[in-house]
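Report on the following structure.
The values are calculated or read from the model by the stated rules, or taken from the named source; none is laboratory data. Since the structure is predicted, the reported quantities are computational estimates derived from the model, not experimental observations. All Cβ positions, even for glycine, are placed from backbone atoms using ideal geometry, and neighbour counts span all protein chains on display.
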Amino acid sequence: MANSGIESLISESSAAKKKRWATVVSILIGVLLLHVAAGVVAGVFIVAKYIFPPPANFEVKRDIRLPAKKREHKMNMAAMDAMAPKPALSEKMQSTRPTEFPLPDVPPLPLDQMLPLDPSELVSDQMASLSGAEALGNSGGMASGGSGGFGNKGMSFLGVQSTGQRILMVFDVSSSVVTKADKAGVPLSKIQSETASLIEKLPITSKFGIIQFTQNYKAFTPELVPATDNNRKAALDWIQNEWVTTGSMASASKAVTKNPRGFAGVLDVAAGMKPDVIFVISDGSFQWKPPGGGGTIPWDVLRKIIEGPLQEDNNCKVNFITFEATEQDTKELRRLSQKTGGKTLELK
């Protein structure tokens, strides 16, 4: 059957073929015109929708609101519920059965650290420090620094003004510094009294620490301590009895830490205390004895510590107070202090 259909198509005349093709083409044209007409009609409706918008239809919906009195009552009740005290657990564990051994006594607790702060203490500390700092005047030499104190300008120590709540004082007590300080009219006794005066005037909200070094070092405490009455008294006793006046600090001495890195090692310890202001008293010449070498500490080593760990947590201001420092050392110290927001002062 299939073969016969194919043979009939092949044998069909050319007139019949043209007629068939004309029919197919006319159908396609009709379908195309139908689609075009449908598109035109749809376009007319769409355009007419924008030209002749439908009339507005207003609907009134019911607005349900809570009456004012009921709303106010509910708010008052909620406020009263919030004011009610929270339930507290008042039950205690008790036992009437005697034990086979006596319980130890409660150890003594540092109550001065646990009691709440008295606002009057804070005010009195601030007023006393303000009067002490401003009454010193600016009449030359050590008078402008006077005893350390607090006020609108912060604290003043040996003539250097700075601000901070975590204060660390670092003293180079080597023999060369002691000699140069005596020549400048600022002996160790004067430095001791200035240090004690600053500690006495610290507000109770601050913390402080003290480190002495030659190459080895001795610290008042391994970390900064709050400026409470007990800690002030302990620091003043330490300044009076533990201050190194011989110009040397053997590692075998009491509370002395061996430190071949010299001032670089002291700065590492200082960074661990996390101060926000440091006062360094020295002659600007720092020595060390690392493995395989020795001599003067390169400034790059000090710069890496001061601009690194000391700045990462507290943006510590480093202030230098020097005696007879060389011109090059003074230049380097000024660069370091200015980088941290501190100051460098040479006492002559």
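The set of residues from region 164-192 being touching a helix residue (DSSP H, G or I) at 6+ places or on another chain (Cβ under 9 Å), assigned to a helix (DSSP H, G or I) and not aliphatic (A, V, I, L, M) comprises ASP182, LYS190, GLN192. Please give the number of the condition GLU223 fails out of (1) in a loop (DSSP other than H, G, I, E, B); (2) without any contact (Cβ under 8 Å) to a residue 40 or more places away in the chain; (3) under 31 Å from the mean Cα position of the chain (by Cα). It is condition (2) that GLU223 fails.
Looking across PRO275, PRO291, PRO298, one residue alone is touching a residue at least 40 places away in the same chain (Cβ under 8 Å) and either touching a Cys at 6+ places or on another chain (Cβ under 6 Å) or over 21 Å from PHE157 (Cβ atoms) (or both). It is PRO275. If you check PHE279, PHE220 for being closer than 19 Å to VAL160 by Cβ and at pLDDT 90 or above, only one passes: PHE279. Run down GLY209, GLY247, GLY185, GLY262 and say which single residue is over 24 Å from GLY154 (Cβ atoms), under 32 Å from the mean Cα position of the chain (by Cα) and not basic (Lys, Arg). Every option except GLY262 fails the conditions. Contact map, region 57-81: residues that are on the phi < 0 side of the Ramachandran plot and exposed (fewer than 10 other Cβ atoms within 10 Å of the Cβ) paired with residues that are modelled with pLDDT under 75 and not acidic (Asp, Glu), Cβ distance under 8 Å, separation 6+ or inter-chain. No pairs are found.
Give THR195, THR179 a once-over and let me know the one that is within 34 Å of the chain's Cα centre (by Cα), at pLDDT 85 or above, surrounded by 13 or more Cβ atoms within 10 Å (Cβ to Cβ) and under 18 Å from TRP243 (Cα atoms). Steps first, answer last, please.
Numbers: THR179 fails: within 34 Å of the chain's Cα centre (by Cα).
Result: THR195 is the single residue among THR195, THR179 that is within 34 Å of the chain's Cα centre (by Cα), at pLDDT 85 or above, surrounded by 13 or more Cβ atoms within 10 Å (Cβ to Cβ) and under 18 Å from TRP243 (Cα atoms).
Matching residues to (1) modelled with pLDDT of 90 or more; (2) buried (at least 17 other Cβ atoms within 10 Å of the Cβ); (3) within 23 Å of ILE167 (Cβ to Cβ):
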site: ASP313; (1), (2), (3): no, no, yes
site: ASN319; (1), (2), (3): yes, yes, yes
site: GLY342; (1), (2), (3): yes, yes, yes
site: LEU347; (1), (2), (3): no, yes, yes
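For region 229-241, enumerate the residues that are surrounded by 15 or more Cβ atoms within 10 Å (Cβ to Cβ) and within 28 Å of the chain's Cα centre (by Cα). Scanning region 229-241 gives ASN231, ARG232, ALA235.
Residue-by-condition table, conditions (1) modelled with pLDDT under 65; (2) touching a strand residue (DSSP E or B) at 6+ places or on another chain (Cβ under 9 Å):
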site	(1), (2)
ALA2	yes, no
VAL25	no, no
LEU28	no, no
GLY39	no, no
ALA68	yes, no
HIS73	no, no
SER95	yes, no
GLN113	yes, yes
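Got at least one residue in region 147-156 being modelled with pLDDT of 90 or more and over 16 Å from ALA235 (Cβ atoms)? Taking every residue of region 147-156 in turn, none turns out to be modelled with pLDDT of 90 or more and over 16 Å from ALA235 (Cβ atoms). Which of the residues that make up region 247-297 are outside any loop (DSSP other than H, G, I, E, B), of a type outside the set (A, V, I, L, M), in contact with a Gly (Cβ under 8 Å, 6 or more places away or on another chain) and surrounded by 18 or more Cβ atoms within 10 Å (Cβ to Cβ)? Of everything in region 247-297, just one residue is outside any loop (DSSP other than H, G, I, E, B), of a type outside the set (A, V, I, L, M), in contact with a Gly (Cβ under 8 Å, 6 or more places away or on another chain) and surrounded by 18 or more Cβ atoms within 10 Å (Cβ to Cβ), namely TRP288. Based on this model, can you work out whether GLN328 counts as within 25 Å of the chain's Cα centre (by Cα) and either modelled with pLDDT under 90 or part of a helix (DSSP H, G or I) (or both)? Answer is no for this residue.
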